[in-house]
Structure formats: C-alpha cells, structure tokens
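Inspection log for the structure reproduced underneath, given as structure tokens.
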Amino acid sequence: MADRRLQVFHAVAKHLSFTKAAEALFMTQPAVTFQIKQLEDQYSTRLFERGHGRICLTPAGEMVLQYADRILALSDELDARLGEMTGEMRGPLLVGASTTIAEFILPRVLGEFNALYPQVRARLIVANTEIIENQVSAHSLDIGLIEGPAHQPELQTEVCCEDELVVICAPDYPLSGEVSVTPEVLRDYEFISREPGSGTRAVTDAYFQAAGVAPGELKTLMELGSPEALKGVVATGLGYAIVSRVVCEKECQLGSLVSIPLAPPLTRTLSLVYPKDRFRTRLVTTFVDFAKQKMRELVL
C-alpha cells in the first residue's frame, strides 16, 4: 500500500486544487492540507506555490509527481497481482457512475455481477459526469460509467451503447399531443433542466446550439440534480424536460408522464472510463466486459 500522503499529493497535483482533490478522495479540505504539509515537512521543501486563489507545482513538486505516478501505479499492480495469485475473483471494486446510469441501469449490472462473483465487494459512488471523471483521473475510483466520452486526455474511453433522449411532460401539458418536437418549438415552452456538469446537460446544450437555439434563449425555470427530481417537477405540469428514454419508461406506461421524440433525434453514448496509465486488474477487465454487454441489453 502506497503512503497515504503520496496519494493525497498525487490528487492535488492532478487537479491543482485542494478542494477538488478533497472531493475526489472523499476527505475534508483541512485533512488534505494537513497531509500535504506533512509531506512538505518530510522533504523540507515546498511542493506547491499558492497565491491569488490558485496553486501550481514547484520544481520539487514536479519531480515528486513523476515518482508518485510510478510508485502508485506499481503499488496498484502489486496489490492486483498478489490478489490474482489465489486464482479467485475477489476484492474491492470502486465504481463511479453518473446519476442517470447509477439510478436506472447500474443496479441490475452490479447485482448480476455480484451473483457471478460473490467475493467481489463493489462500492458505488454517484455524482455527475464531471465529478466521476475527476475521481477516476485521481485514481480514487477503479472505473467510471458516464454519459458521453471522457474529456480528460489521461482517461481511456470504451463506448458501451447508444442512449436516446426524449422530451417528457405531463399528460395535460400543451406539448403532450405532439408526435415529435423540434428545438425551435421547445424554445417557446418552460424548460426544467439538469444542472451544469451533468452529462445530460452538456448533450442537450450542444443539441440546441447545433439547431441554432442558444441555451440562454430557453425558458429555463429551474436546474435540478437528478432525473427523479426532473420527473417529479415535470409531472406537476410546470414544464418539460429532456431525459434518457430508459428514465421515463415506467411513468409513461402508468400514464403519469408523456414522452415525445425529438426531431432530429438526440442520442448519446454511454461509456466506461479508466486511467490509461494504470495497470488493469483481471477484476476490472472482467467487469468492463460484463458491463458493456449488460448495458447494451438494458438500453436496447
């Protein structure tokens, strides 16, 4: 096991932010600051320059980062290789998933994977796409499942499947009788949006922009942090939302919501991401292959 102080330093150096490193490591910011101070005291040198609300690595910090990359990668590989010598699939699996995937797709994936490999202890972290990418990049998660490809160059992306997004509204909302709806038409109706940093928000913003409708022109009433919250507000008749088709299947069958296809259609990829420079254990490789197949089955 690598020195915890080195793990904390690595996260801060990658994010160049004590706040983001604390978030990625599930620590408080004072605890992160304390660990960095201990490491600086040990080497009797400053590893970060601080000023004007920003930090950057000193020359000593740059050197420590180079060694930290190698030490942490070797530590992970050692743990994995020793575990695999038993010939049994076992151990912890740290999985992060964006909200839509975590709430509507991943429970079944993890449940069936655990049934096949009962000695694996999966831990699921739920956050929006941006946070999951940051945590995978900081090596605090083994793998992430996100909406769309990764934006960070140090992450490897494996596309699992295509996901269609649709408009949802209450049965008595003015849009409910439409066979399909265009971005230009939606500009005139009240919009319930996902929050910034969400994969759904990013893809819908890009969709409107491509159609010549600036996101700022939309009648956005509120921004919410989960698909469940969107559905709850939309069901009151306050406005429409755009969500994954798998999110609203149950409510549409029950008649509490109506789904309307977009014209042109809006699709996105659901992807697995993991660090390019990190040794992939047999457990992670097996889960990647299993999750890709199972997600294709669930979304079709």
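The values are calculated or read from the model by the stated rules, or taken from the named source; none is laboratory data. Since we're looking at a predicted model, the values are computed, not measured. When we count neighbours, we look across all protein chains shown, and the Cβ atoms used for this are built from the backbone with ideal geometry, even at glycine.
Descriptive notes on the structure:
- Taken together, Val273, Val213 contain a single residue that is surrounded by 15 or more Cβ atoms within 10 Å (Cβ to Cβ), in contact with a helix residue (DSSP H, G or I) (Cβ under 6 Å, 6 or more places away or on another chain), in the same structural domain as Ile131 (by TED's automatic domain parsing) and not hydroxyl-bearing (Ser, Thr, Tyr), which is Val273.
- From the list Glu40, Glu62, Glu103, the lone residue that is in a helix (DSSP H, G or I), of a type in the set (Asp, Glu) and assigned by TED's automatic domain parsing to the domain that holds Pro149 is Glu103.
- Residues being of a type in the set (A, V, I, L, M, F, W, C), part of a helix (DSSP H, G or I) and without any contact (Cβ under 8 Å) to a residue 24 or more places away in the chain - total across region 8-37: 3
- From the list Glu40, Glu23, the lone residue that is charged (D, E, K, R) and in contact with a strand residue (DSSP E or B) (Cβ under 9 Å, 6 or more places away or on another chain) is Glu40.
- Taking region 66-98 as the range and being at pLDDT 85 or above, buried (at least 17 other Cβ atoms within 10 Å of the Cβ) and part of a helix (DSSP H, G or I) as the test, only Ala68 passes.
- Screening region 106-191 for helices (runs of 4 or more DSSP H) wholly inside it with 1 or more residues that are over 23 Å from Thr220 (Cβ atoms) and not aliphatic (A, V, I, L, M) returns the ranges 106-116, 129-137.
- Filter pass, Leu110 being over 12 Å from the mean Cα position of the chain (by Cα), surrounded by 15 or more Cβ atoms within 10 Å (Cβ to Cβ) and either not assigned by TED's automatic domain parsing to the domain that holds Asp289 or not basic (Lys, Arg) (or both): yes
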